[in-house]
Structures are given as structure tokens and as C-alpha cells.
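The values are calculated or read from the model by the stated rules, or taken from the named source; none is laboratory data. Not measured: the values here are computed from a predicted model. Because the Cβ atoms are built from the backbone with ideal geometry, glycine has one as well, and the counts that use them run over all protein chains shown. SASA here: full protein model, heavy atoms, side chains in, ligands and nucleic acids out. Shrake-Rupley method; radii C 1.70, N 1.55, O 1.52, S 1.80 Å.
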Amino acid sequence: MTPEEIQRARILARALAARRGRLELDVQRAFSLFPPEKPLGEALFRLAEAYPRTLDRANRRALVDEFLHRAVPLLPVDFGTHLVARQFVYAETIGAALASARRNARNRFSFDMLGEGARTAADAQRNFERYEEALRAAAASPRFGVSIKLSSIHPRYDAAGFSHARRDMLERLSALCRAGVDLTIDAEEAERLPLQLEVFSELSRRFPEWDGLGLAVQAYRPGVHDTLAEVFELARRRGARLNVRLVKGAYWDAEIKRAQELGVESYPVFTDKRDTDRAYALAADRLLEHTALVFPQFATHNPVSAACVLALAESRPGGFEFQRLHGMGASLDAALAKAAPAVGVRVYAPVGGRRDLLAYLVRRLLENGASTSFVRQAAQAADLDRLIEEGFEFLQPSSPHRFALPMEIHMPERRIAKGYDLGEPNALADMAKSVERQRRRWKAFPLVQGKPVEGAGRAAYSPALPEVDIGEVCDAAPETARAAIALAHAARRRWADTAVEQRAAALERLAGLLEANLAELMALCVWEAGKTLPDALADVREAVDFCRYYAAQAREKFGNPVFLRSPVGETNALTLHGRGVFACISPWNFPVAIFTGQVAAALVAGNAVVAKPAEQAPLTAYRIAELILEAGIPPDVFHLLPGDGRIGQCIVEDARIAGVVFTGSTDTARAIQAALAKKGGPLVPFIAETGGLNAMIVDSTALPEQVCDAVISSAFRSAGQRCSSLRMLYVQDEAAGAVLGLLHGAIEALRVGDPSDPSTDIGPLIDAAARGALAEYVDSLRAKFPLIAEAKPRPAAGHFVAPVAFEVKSIRDLPGERFGPVLHVARFAIEDLDSVVEDINATGYGLTMGVHTRIDSRAQRIRERSAVGNLYVNRNIIGAMVGVQPFGGEGLSGTGPKAGGPHYLARFATERVYTVNTAAAGGDLRLLTRAA
Ligand code: NAD
């Protein structure tokens, strides 16, 4: 913007904000509508009524209490006012919306059919019909249009599902476009942008002469200008203009959180609000310069942004309009009517039933309740002129380091593993290609003193393609195991005396090597363990995080002695030391993370290691073992011994073993415990992480769509072969209809198949034995319990079992842990909540558990009564992050301490205290100085 334009914008902004006085009036009016003693309570009660009908009376009351305590301080006044008046939804039906919009001669309208993204094919069909109906109605006036969310018309509008969804989506959208009524494609999460653009370009090509097609573009994305350039290019190739709605963006918090979880290199959105405001003004400038190609629509409630648009437009002829949300920005609208009477204002008007209000409301709350939001600030500001001036701060350069990058959120302790957003279609396709390039015939041997021990080999097969041989494995013979233990035993003292810094540095080098070999390790996970690409990525990243986390922990805990409070004349120093030779015995289901995590912890704590990977995943373990040596772990300190339970047994029985860390089934843990009890030699610690019967409890205040997503990922990701996988879902009676309906459709939409195919959701079970046993179990359930849903038939070859859910009575119907994609669901009455928790505890397992409720006190109540290692509220129950959610269970689920937690390393060490009587050697300095 030129200095003159900025000056002009300042004047305009003051004029636009001057009508803020209206807000106070609105508030007073709202308060007068309700009994003075608890006006907002009443209002919020009404809001609660608008929640899903399933909400029972008791929950509604509790919900209102919660809202009073937590939500009210968040509500900006303008927003709260309308909340009170229940005016966020423009109308419940499109008919009513139309009638009301006809009476409003000033505004144009874009009707938004409220609702969550489709989780099922039936949802998508229903939403499509609602759009058709809305478009028919909106045809009544050229002032009316419709906004559409692509996620609402197909359950698989995501990177993995899009290749199959594309045709259906375009057919539906083309049918909607043929109505000839203004149609704008709403903006959603950043990862979906490439899909959104692909759909938009295709429609733009299919309807080249139609000027009603529009796209919402978010200014909070650093790529906003590239998106605009693409839209201009599209418009150049057609005969009519495109509509572009410029918004700032409504998913900010979610985008930041997700980027941090994914560990990607940068955020997909600006982290400084000023950057967004600047990008908005710049984008406005570009749009106004291209009015021959596009019709700009500026969606903002911020008078500074609106003033910038007006100032820019003065020297750039060509039409444009403003947009605002129904229920917001009314005072700005009124001010615009005066300041720029010729410019139209379109109202984004949500239409829908009360059930669909919540998600929309939350988005608006986050967007406008944020402390950086102008609307929020204006509602509280005493000095409006100053606020306006602050609004122009975007003209100053922002400070680049206000926010740690996603990979650096744990700095200075450690960097988190480099991540990739596989929800983004291009990233997913690239990853699939680089993983495919790594495919080869691998080999695995015992690795003793750094050398492979050759012997009779067996062929290894992929669980998805059992007819294709993927490599060759030589298992360790008992004498090889004994030789390895002897070497490790001889090296143990030297390694224990090696400086912790050196041991930690080796782990950090290992982390770097794992990252550098990501594609090959993922390929091994895919072909040897049947993992899908996102699961394979998560497995390798977790291993990287373990290495860096344990390195940091070791420096802290082993680096310096802890001097204990002592009587004068004495010093007492507590130090941690390696114990000797540790046996690390791992399962196949996280062939990278668990194998590496165990070994890394044992090594950095100063132990020599013999590692026995699962017999199903030796190829992966061998590759990691090579990297461990490459990272600088001395070859006599670490040895790999592939083989089955017999070689494991042979290792744990050896008298020279000073500790065992084991992850696997509870039965195997018991066998190892028995062997350790019998063996000679030192008494040793046994760290066991075992199975679970994990439950999730859902009450009627939970959002069914959120529950559905959490259940599907918890129960079926990794084909249900995680120790943390959800086995037992409890749904409160009142919510059961809605939740089961969604689950039914979502399970049917899952794609079972080749895990190397990016469009696959669910891969195979690990081997023929696992598949056979699970198929038999599913048959037994089929005979006894009603089926809720089952995914489409699986591919004929490969050890596949299609995801399936049955309705049982309670967790007591489950015979124990069954490893695979089988979900059990039971209904419960809210009065029986405590006994549900008791039943879950009574299984004896205590690994993970989930709760979905909006009532804090209820989550707390469950927390107090349950005995589980990891309890998750309002999210899925898998994917614990190293150092963030230390992981592990109690009871039948394990001994602890938790992997990836601050107490883990100590268990691998022995503690020694060094006491010196300083009085004997000439007195205590403290005493002498005090006396002086
Ligand atoms: P498993 O118990 O069959 O095997 C685990 C490991 O133990 C393998 O390496 C195996 O060869 C070895 N083993 C078997 N018998 C042995 C013996 N007598 N002595 C010494 N070693 C022996 O388990 P699995 O099928 O590979 O893994 C699935 C199980 O692991 C499930 O129960 C799952 O819940 C559990 N698991 C738990 C966690 C956790 O953190 N709690 C994580 C992953 C898996």
C-alpha cells in the first residue's frame, strides 16, 4: 500500500469503527431478555438445548454449569449478545432462510448448510440433497448464493481416499453447478487445499462460461499468493470471471497443533496475526488489480482490513463486495452502508437444525474469541482510536521468532523427529514413491561382534503378499546367543565407564541415521510388518524421538551425581550406573520404535545389550542394528540375535543377564518371569510392557462426529494390532443411535488392502496364524452378537481381516486381548457409569482408556476410579508421543516404568551412593566457615 492509501485507510477505519457503541446497546438488550439473576446461565441453557437431541436432562444441566465457568469469559461481547439471542443460525430451514432474506433488501446472501463433514456415504448423500434443495431455493434471487464444504459431500475427501472419491465428487458438484446459482467452495484445513484446488479447477474448466463459481481463499496461509496466481491463471483460460472470497482463516489453532504433532518443517499458517493482516491487505490489492478475471469478495469483520480494501479500491476500478457472518459484524455492515453505500455486503448465513450448531459455534468462538481478534478487542477496548492504530501494526515487520517451529517445540532439550504431512496428497504420493524405490530383497543374520553370522536361512514373506518372498533370515542358534552374551559380558564394565556424553552422542547420531534412512525403514515396515504408509512413518519417527529423548534424559540423570542433604562432616553422592548385560526382547507390531527404544534406553544407561527382535520382523531389526553400529556403538557392546521364543528363552535363562526389558503378550511376560526366577546369577529387574483390553466411554454430551473419528482410528489403525488399540466402546444410551449410525457408515467406507498403496486405510494381520485365529474369533462373535458393521470384503490373497464391530452387553463378554480390527460396543445408562468403570478395571488390564464428554467433572470422576496407564479425553487413544505422553500400563498390562517417560532410564541402572566422612580428614568446610 502507498503512504497515501495507508493514510486514507486510517481515516476510513475510524469511521467504520465509530459505530461500536451499538455493541453496548445490544448487550443491554440481551440482558433484559432474561431474568437478571442469571441471564447468561439461562442463555447457555438454551444453547445446551440446541445440542444433539440425545442430550439428556442431567447432562444438559451439568453442561450449562461448565459453560458458565469456562466459556463465558471467552465470549466477545458482540458474539455473546447474539448467542444469547440464539441468532447464530440464520434459519432452521432453507425455506425460512429465504423468507427472511427476502425481507432484507440491503444484503446479499450466501447460505451455508450447517453440518459436520460427512463420515458416511449416507451423510454425504443427505448433504448433497440439502445443497440441491438450497440451490433450488436460492434461484429465487440473484442476490442469493450457496456455500459448500467439499468435506460434506464425500466421506473420503482426504489424501488417501481422494483418488477413489474424485469422480463421484465431481459428478455431484457438476450437478450442483448446473443449477446456475452462485456457488462458493468454502476453505477447510490446509492439508486439503491441493484437493480443493483440483476440484475447483476441474469445475472451472467444465463450466467455462459461468460466472457463479467461487472459491474461498485463506490469507493466514503463507501460500495465499500462489493460490491467487493459480486462480487468475484458471480465469484467464475461461470466458467468465470467478468469484474469490478472501477470508483470514478459521482453523488456526487446529493447524498449529497439527503441525506440531506432525513435526513438519514449518507451519501451514502464519504464527503472527500481523502477518495474516498484511497478507490480507496484499491479497486484497492483487484481487482488486485483477477484477477483469475475478470478482473479489472480502470477508472480514475487522474495520482496519475493510478500510484497507476501501482505500485500495479508490484507485482500482472494478466491482467487489464485502462479506460478513450472520450474527457478527452487523455494526461494521451499518458503518459500511454509510461510508461506501455503493458496495454490497453479503451475509454468510448458516442454515440448519440445532443439532448442527456446535461445530460451527466452536469455530467462531475460537476465531473471534482469540485475544488477537479485533472483534474481541473492540468489545473490551476503552480507547478505540488506539485500538485502530494498533490494528495498523501489520505494516511493521513482524518478529520472526515469536513461535518455535514445529520441530523445535522441545528445544533446547531435543529436536523432534522430522515429519511429513501425509494428509497432504502431494506429500503422500511422493512418500509412496520413495518408499517403493527402496523395495528390495533384504537379509537378516545374527550380528555378533559387528559381524553377520551366516547359517541356514529361511525365506521371509510379506503379510500382504504371502506369495512374494521379500528376503532371507538366518536365526541365531543357542551357541551364537551364548557367544554374544559372553562378548557383551566382557565389554560391560568398559561401556558402563564410558562417559555418558559419549553414549548420548551415539544415540543422537543414531537418530540422525534413522531419519536419513527413513524411506528404507518405512519400506521394511510396509513389506515385512504390513504397515500402511502413515503407520510406518509414525513408527520410524517414534524411534527417532526415543533416541533423542533418552540421550537428553541420560545427560541429565547420569551426567552428575546427586548430592544428598547430609549431616555436617559428611558428603553423600548418589550416582547411576549400567547394570551389565541387558536382554531386549521386542514384538513385531512396532518393529522400529519398540526395538530401537528398548535398545537405546539400555545402551545409554550404560548396559551392554543383546537384542532379540520378534521372529516376524527380523529384517527391519537387522537394518536398524547396522545403523546402531554405524552410530558408533562398539560392536562388542551390542549384538543382535534374531529367532523365535526359544532363542528368547535361552537368552533370559543365561546367568550373565543382568536385566530384561520385554514388550509383548502377557503370557510371554509370565514365561520370562518364571525363567528369571529360576535362573542363577544376579537378581535382575524385569521391565515388561504387555497387552491391554482398552475401553472408551462416550456420554451424550460428546460430539458424535468427533467420537466416530476417534473410534475409527483407535480401533482400526494398524489393523487393530497396537497394544493401545480400542477394543471396547461404551456409548451412553441416548447417544448410541447417532454414534452407531456414524460408525456403521465409517467402517463401510474403510479400504482394506495393500499397505504400500497410499489409498489403503487398513493393512493385513501379521501372519497366517494370527489371521486364522482372529477369523475364528470373529465367527464366534457372529454367532452370538448382533453385527454393527463390517468393512468391504478384503483382498483374496494376504492375511487380511476386514474391520468389524459387534454389539455386546459389556466388557465381560470379551475373552481377553484379541489382536486385530475387531471392535466391541455396548450401551450403558449414565447412572451405571461407575459400574462400567468397575467392569473395565475388573479385567485386570490397565493400559489405555478414552473418555468423550464435555463435562469436566465427569472426566475427573472416571479418572479417579479407573486404573489405567494412559487416559485420554476427547481424542483417540493411540499414538502416544515420546516425552509428552509417557506410555505403559499397570496390572496385567505391564510393570512400568513408562517408555518415553522421565522414570524409564533409572530402571535400567543400578544406584550407588558414595559416602565420605569429611570430618575424619580435617573437618567440614561448611562447619569451619560458619564458625569463622
Ligand atoms: P509375543 O509375546 O508373542 O512376542 C514378543 C517377543 O517375545 C517376541 O520377540 C518373541 O519371540 C519373544 N518371546 C516369545 N516367547 C518367549 C519366551 N518364552 N522367552 C523370551 N522371549 C519370548 O508378542 P507379539 O505377538 O510379538 O506382540 C503382540 C503383543 O505385544 C500384544 O499382546 C500387545 O498388546 C503387546 N504389546 C504391548 C505393548 C506395550 O507397550 N504395552 C506394545 C506393543 C505390543
In terms of Cα to Cα distance under 30 Å, which lysines are near enough to K678, apart from those fewer than 8 places away along the same chain?
-> K612, K898
Largest-first principal axis extents of the Cα set of the stretch 807-932 (Å) = 78, 32, 25
The answer for I153, listing residues at least 5 apart or on another chain whose modeled amide H is closer than 5 Å to its amide H, is A118
³J(HN,Hα), Karplus 6.51/-1.76/1.60, whole Hz, each residue of the stretch 436-443, x for Gly, Pro = 4, 4, 8, 5, 7, 8, 8, 10
If you roll a 1.4 Å probe over the chain with all protein chains in place, what percent of the accessible area is carbon or sulfur?
-> 52
Distance in nm between label sites at R205 and A490, each 7 Å beyond Cα in the beta-carbon direction?
-> 6.9
Around L823, which amide H atoms from residues at least 5 apart in sequence, or from another chain, sit under 5 Å from its own amide H, with H modelled in the peptide plane?
-> V804, A805, F806
Could you go through the stretch 551-563 in sequence order and give the Karplus-derived ³J(HN,Hα) for each residue, using 6.51 cos²θ - 1.76 cosθ + 1.60 with θ = phi - 60°, rounded to whole Hz, and x for Gly and Pro?
-> 4, 5, 4, 5, 4, 5, 8, 9, x, 9, x, 8, 8
Sorting C584, C650 on solvent-accessible surface, 1.4 Å probe, most exposed first, gives C650, C584
The chain: angle of helix 856-865 to the longest principal axis, Cα-based, in degrees nearest 10 | 10
Can you list the HN-Hα couplings for the stretch 275-290, worked out from phi with the Karplus curve (6.51, -1.76, 1.60; θ = phi - 60°), rounded to whole Hz and with x for Gly and Pro?
-> 5, 5, 5, 5, 4, 5, 5, 5, 5, 4, 4, 5, 4, 5, 7, 10
Could the peptides 569-577, 216-224 be put in order, highest first, of the mean number of other beta-carbon atoms found within 10 Å of their residues?
-> 216-224, 569-577
Crossing angle, helix 3-17 versus the chain [Cα axis fit, 0-90 degrees, rounded to tens] | 80
Given H placed 1.01 Å from N in the peptide plane, which residues other than close sequence neighbours of V801 have an amide H under 5 Å from its amide H?
-> L765
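Before rounding to the nearest 500, sum -39500 (n - 2.57) across all DSSP H runs of length at least 4 in the chain and divide by the residue total; then give [θ] at 222 nm in deg cm²/dmol.
-14000 deg cm²/dmol
Can you bin the stretch 131-254 into rounded, prolate or oblate? Criterion: square roots of the alpha carbon gyration tensor eigenvalues sorted a ≥ b ≥ c, rounded for a/c under 1.5, prolate for a/b above b/c, oblate for the rest.
rounded
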In what sequence, largest accessible area first, do L447, L262 appear using a 1.4 Å probe?
-> L262, L447
Expressed as an acute angle from 0 to 90° and rounded to the nearest 10, what is the orientation of the C-alpha long axis of helix 57-70 relative to the principal long axis of the chain?
-> 90
What net charge is computed for the residues neighbouring D475, neighbours being all others with C-beta under 12 Å from the C-beta of D475, Lys and Arg scored +1, Asp and Glu -1?
-> -1
Hey, which aspartates and glutamates would be in cross-link range of K531, C-alpha to C-alpha under 12 Å, not counting anything within fewer than 8 residues on its own chain?
-> D539, D754, D757, D761
Computed FRET efficiency, Cβ-Cβ of I11 and N426, R0 35 Å: what is it to the nearest 0.05?
-> 0.20
Residues of type lysines that K809 reaches as a straight line, Cα spacing below 27 Å, ignoring anything fewer than 8 places off in the same chain = K784, K792
Anisotropy class of the chain from Cα gyration tensor, a/c 1.5 cut = prolate
Report the residues of the stretch 818-858 in range of a label on S780: point 7 Å along Cα→C-beta, backbone N strictly under 17 Å from it.
-> 818-825
